[in-house]
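Accompanying notes for the structure given below.
The values are calculated or read from the model by the stated rules, or taken from the named source; none is laboratory data. Computed from a predicted structure; not experimentally measured. Here Cβ is always computed from backbone atoms with ideal geometry, including for glycine, and neighbour counts include all displayed protein chains.
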Amino acid sequence: MSLETLLRTELTDTVWLDTALETVARQPSAIVRLFPAVGRRCGRWMLPEPTGWSVDDAARVLLLLRLKDQSGVPQLYRHGDAAEKRAVLRALPQLELSATDMRTILHDALRTNDTRLVAAALGPAARVLDAAAWRQGVLKAVFMGLALPDIADLDERADAELTTMLAGLAEERRAAGRSLAADAAELLERLTTTFTRPAEEHGAADRSQGADPTGPPEHAFKPDDATASEGGDAQLTATPTSPAEEHGVADYSPATDAASVTTDAAELPGRLQPQRERGQ
């Protein structure tokens, strides 16, 4: 059933709506006057579907779709009240606006603390948002306790970065003695499984191909056996291998004579020779 058919079944009197639709089709500028009057003339009760839509949402969307010139829609949003802004947000996917205009409207809605606008901004129109802006929108929705199933393309767009952000929010909630809503906790668990397990398996595969993790590091140096056996314990004296270590961090500068600092790997064995402890 189309939106218009559904709306007409809800209205007991469609005369005003019919006249308004015909008027904006002939004279687009008339929408400035008719758009704010919709709630008073048509009503504001909730429709059985789409979920979360009201009668005035549907009537305003129909008016916007009748516009032959939609260039004034951003101004309708800018100067409208919350109900009018929400109707513009709901209509965005079907309007012929530039991506820039759509993003401007969506960014504004996501900056508000109005749950109705944030929820509407995360509908199908949010596909024009870049990944960073979309993630922030989802995080705000979780923070505000909005129903996550209403967010368009959530499963398709969720990524490792969003998982990290949600985990951080969950930790903040735990520290404050609170918890995420059930749907947000379920989302975090699902995303953690999706994006953490492959990384862990990859790390395990790398370790299985490497050296024994319980053994000494590959770069460890051992004292010469002959020297160690002559007089007891041997002591390793390592010469610094960087200008900052040899001259002191405070004394080092880019102007330090590079020739005075030996960093050739070939000299390392000579510079890391075991020495007997003094006094023996």
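(1) in a helix (DSSP H, G or I); (2) modelled with pLDDT of 95 or more; (3) buried (at least 16 other Cβ atoms within 10 Å of the Cβ): which one isn't true of PHE195, the others all being true?
PHE195 satisfies all of (1) in a helix (DSSP H, G or I); (2) modelled with pLDDT of 95 or more; (3) buried (at least 16 other Cβ atoms within 10 Å of the Cβ) except (2).
Each row is one residue, and each column tells you yes or no for (1) of a type in the set (A, V, I, L, M); (2) over 27 Å from ALA176 (Cβ atoms); (3) out of contact with any Leu (no Cβ under 8 Å at 6 or more places or on another chain).
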residue: VAL38; (1), (2), (3): yes, yes, no
residue: LEU63; (1), (2), (3): yes, yes, no
residue: ARG86; (1), (2), (3): no, yes, no
residue: LEU97; (1), (2), (3): yes, yes, yes
residue: ALA120; (1), (2), (3): yes, yes, no
residue: GLN136; (1), (2), (3): no, no, no
residue: ASP150; (1), (2), (3): no, no, no
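Collect the residues in segment 143-159 that are more than 9 Å from the chain's Cα centre (by Cα) and either surrounded by 12 or more Cβ atoms within 10 Å (Cβ to Cβ) or part of a loop (DSSP other than H, G, I, E, B) (or both), keeping them in residue-number order.
Step one: list which residues in segment 143-159 are more than 9 Å from the chain's Cα centre (by Cα), which gives 143-157.
PHE143, MET144, GLY145, LEU146, ALA147, LEU148, ASP150, ILE151, ALA152, ASP153, LEU154, ARG157 - these are the residues of segment 143-159 that are more than 9 Å from the chain's Cα centre (by Cα) and either surrounded by 12 or more Cβ atoms within 10 Å (Cβ to Cβ) or part of a loop (DSSP other than H, G, I, E, B) (or both).
Is it the case, given these coordinates, that ASP81 is charged (D, E, K, R), farther than 28 Å from ASP130 by Cβ and at pLDDT 95 or above?
Details: charged (D, E, K, R): yes; farther than 28 Å from ASP130 by Cβ: yes; at pLDDT 95 or above: yes.
Criteria met by ASP81.
How many residues are touching a residue at least 12 places away in the same chain (Cβ under 8 Å), in a helix (DSSP H, G or I) and polar (S, T, N, Q) when one looks only at segment 55-114?
Matching residues across segment 55-114 total 2.
Within segment 165-193, restricting attention to residues that are in contact with a helix residue (DSSP H, G or I) (Cβ under 8 Å, 6 or more places away or on another chain) and of a type outside the set (A, V, I, L, M), which residue is nearest to PRO149 (Cα to Cα)? Full working, then the answer.
Residues of segment 165-193 in contact with a helix residue (DSSP H, G or I) (Cβ under 8 Å, 6 or more places away or on another chain): 165-167, 169-170, 179-181, 183-185, 187-188, 191-192.
Filter again for of a type outside the set (A, V, I, L, M), leaving 179, 183, 192.
On the way: SER179: 19, ASP183: 8, THR192: 18 Å.
Among those that are in contact with a helix residue (DSSP H, G or I) (Cβ under 8 Å, 6 or more places away or on another chain) and of a type outside the set (A, V, I, L, M), it is ASP183.
Every residue in segment 124-142 that is touching a residue at least 24 places away in the same chain (Cβ under 8 Å), in a helix (DSSP H, G or I) and within 13 Å of the chain's Cα centre (by Cα), please.
So in segment 124-142, the residues touching a residue at least 24 places away in the same chain (Cβ under 8 Å) come out as 124-129, 131, 133, 135-140, 142.
Those left that are additionally in a helix (DSSP H, G or I): 124-128, 131, 133, 135-140, 142.
Passing the criteria: ALA126, ALA131, ALA133, ARG135, GLN136, GLY137, VAL138, LEU139, LYS140, VAL142.
Of the residues that sit in segment 43-54 and are part of a loop (DSSP other than H, G, I, E, B) and among the hydrophobic types (A, V, I, L, M, F, W, C), which one is farthest from the chain's Cα centre (by Cα)?
From segment 43-54, those part of a loop (DSSP other than H, G, I, E, B) are 43-45, 47-53; that's our starting set.
Going one step further and asking which of them are among the hydrophobic types (A, V, I, L, M, F, W, C), we end up with 45, 47, 53.
Values: TRP45: 34, LEU47: 32, TRP53: 27 Å.
Per the criteria, the residue is TRP45.
Residue-by-condition table, conditions (1) in contact with a Pro (Cβ under 9 Å, 6 or more places away or on another chain); (2) in a loop (DSSP other than H, G, I, E, B); (3) modelled with pLDDT under 95; (4) surrounded by 12 or more Cβ atoms within 10 Å (Cβ to Cβ):
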| residue | (1), (2), (3), (4) |
| --- | --- |
| LEU6 | yes, no, no, yes |
| THR9 | no, no, no, no |
| TRP16 | no, no, no, yes |
| ALA20 | no, no, no, yes |
| THR23 | no, no, no, yes |
| ILE31 | no, no, no, yes |
| LEU34 | no, no, no, yes |
| ARG41 | no, no, no, yes |
